[in-house]
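Visitor: This is the structure I want to talk about, given as structure tokens.
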Amino acid sequence: QKVKSSSKGLIDTAGQLKRAFGLLFSVSQIRGYIHQIIEVRGEFEMQHRSMQVLIGDIDKANELWDKTISLATKSPFRVKELVTYTKQLAAYRVEADKLYETNKMLADISSGLGVDMNRLILAFGQVKAANYLRGTELRQFSEAGINILELLAKRFEEVQGRAISTGEVFEMVSKRLVSFEDVNAVLQQVTSEG
């Protein structure tokens, strides 16, 4: 009978140790989870503040932040990525009131074509900075899978009311006659069509 009671005591002790380790493990997991929440919240706060500094107007920055959060829930991009892209576009002097629409447009193209967003921002930003399309950006758009010559030819056909070949558009590019507004308009048209 003494053997039975001592083995029963070992079983109870083992059970108590098991529950204690389980509790410690659960507490450790909860602490880790809380720490992750604090880190994510801190990152969100830092990104939000950087957007406020970037825009310079707290109300406009808050509006842009809310739109960016909404876009992050609908797109394959995370908030941090979208804020980074917004900063890059702002560096290319995209106006504050056009940052969201431009970011969304390029994000739609990027996810639709499976192209790195940074490549699109670079090409778009260079056209914006120069205020006209050059051969370098033409190549960058083509390498990204955007047939910009054909899109521009269709745009110029609508504007001029006559057939325009891609060769003519290429000639216009070499003469610096294709403006940033033309490029922006065809990219907007592509994304608005779905």
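The values are calculated or read from the model by the stated rules, or taken from the named source; none is laboratory data. Note that the structure is a prediction, hence the values are computed from the model and not measured. Cβ placement follows ideal geometry from the backbone for every residue including glycine, while neighbour counts extend to all protein chains displayed. Each accessible area value is taken on the protein alone, full model and side chains, heavy atoms only, with ligands, DNA and RNA left out. Shrake-Rupley method; radii C 1.70, N 1.55, O 1.52, S 1.80 Å.
Okay, residues lined up against (1) outside any helix (DSSP H, G or I); (2) open to solvent by 50 Å² or more (accessible area, probe 1.4 Å); (3) free of Cβ contacts under 8 Å to residues at least 12 places away in the same chain; (4) closer than 18 Å to Ser192 by Cα:
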| residue | (1), (2), (3), (4) |
| --- | --- |
| Lys104 | no, yes, no, yes |
| Ser111 | no, yes, no, yes |
| Ala129 | no, yes, no, no |
| Thr136 | no, yes, yes, no |
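Visitor: Given the criterion hydrophobic (A, V, I, L, M, F, W, C) and farther than 27 Å from Gly56 by Cβ, identify the matching residue among Val127, Val169. Spell out how you get there, then give the answer.
Guide: On the way: Val127 fails: farther than 27 Å from Gly56 by Cβ.
None of the others qualify; the one that does is Val169.
Visitor: List pairs: first residue in region 160-186 and closer than 16 Å to Gly125 by Cβ, second residue open to solvent by 70 Å² or more (accessible area, probe 1.4 Å) anywhere in the structure, Cβ distance under 7 angstrom, at least six positions apart or on different chains.
Guide: Within 7 Å, the pairs are Ser179/Asn131; Phe180/Asn131.
Visitor: Condition check: among the charged types (D, E, K, R), buried (at least 18 other Cβ atoms within 10 Å of the Cβ) and closer than 25 Å to Tyr85 by Cβ. Does Glu181 satisfy that?
Guide: Numbers: among the charged types (D, E, K, R): yes; buried (at least 18 other Cβ atoms within 10 Å of the Cβ): no; closer than 25 Å to Tyr85 by Cβ: yes.
So Glu181 does not fit the description; no.
Visitor: A further question on this structure: Filter region 178-194 down to the residues that are part of a loop (DSSP other than H, G, I, E, B) and either of a type in the set (Phe, Trp, Tyr) or within 18 Å of Gln140 (Cα to Cα) (or both) and list them by number. I'd like the intermediate steps shown before the answer.
Guide: Of region 178-194, the ones part of a loop (DSSP other than H, G, I, E, B) are 178, 193-194.
Val178 - this is the single residue of region 178-194 that is part of a loop (DSSP other than H, G, I, E, B) and either of a type in the set (Phe, Trp, Tyr) or within 18 Å of Gln140 (Cα to Cα) (or both).
Visitor: How many residues are surrounded by fewer than 17 Cβ atoms within 10 Å (Cβ to Cβ), at pLDDT below 90 and not in a helix (DSSP H, G or I) if we restrict to region 76-94?
Guide: Adding up the residues that qualify gives 3.
Visitor: Failed condition for Gln88, given (1) in contact with a Gly (Cβ under 8 Å, 6 or more places away or on another chain); (2) touching a residue at least 60 places away in the same chain (Cβ under 8 Å), with all others met?
Guide: Evaluating Gln88 over (1) in contact with a Gly (Cβ under 8 Å, 6 or more places away or on another chain); (2) touching a residue at least 60 places away in the same chain (Cβ under 8 Å) leaves (2) as the failure.
Visitor: Another question, if that's okay. Which one of these does Phe156 not meet: (1) out of contact with any helix residue (DSSP H, G or I) (no Cβ under 6 Å at 6 or more places or on another chain); (2) more than 24 Å from Met172 (Cβ to Cβ)?
Guide: If we test Phe156 against (1) out of contact with any helix residue (DSSP H, G or I) (no Cβ under 6 Å at 6 or more places or on another chain); (2) more than 24 Å from Met172 (Cβ to Cβ), just (2) comes out false.
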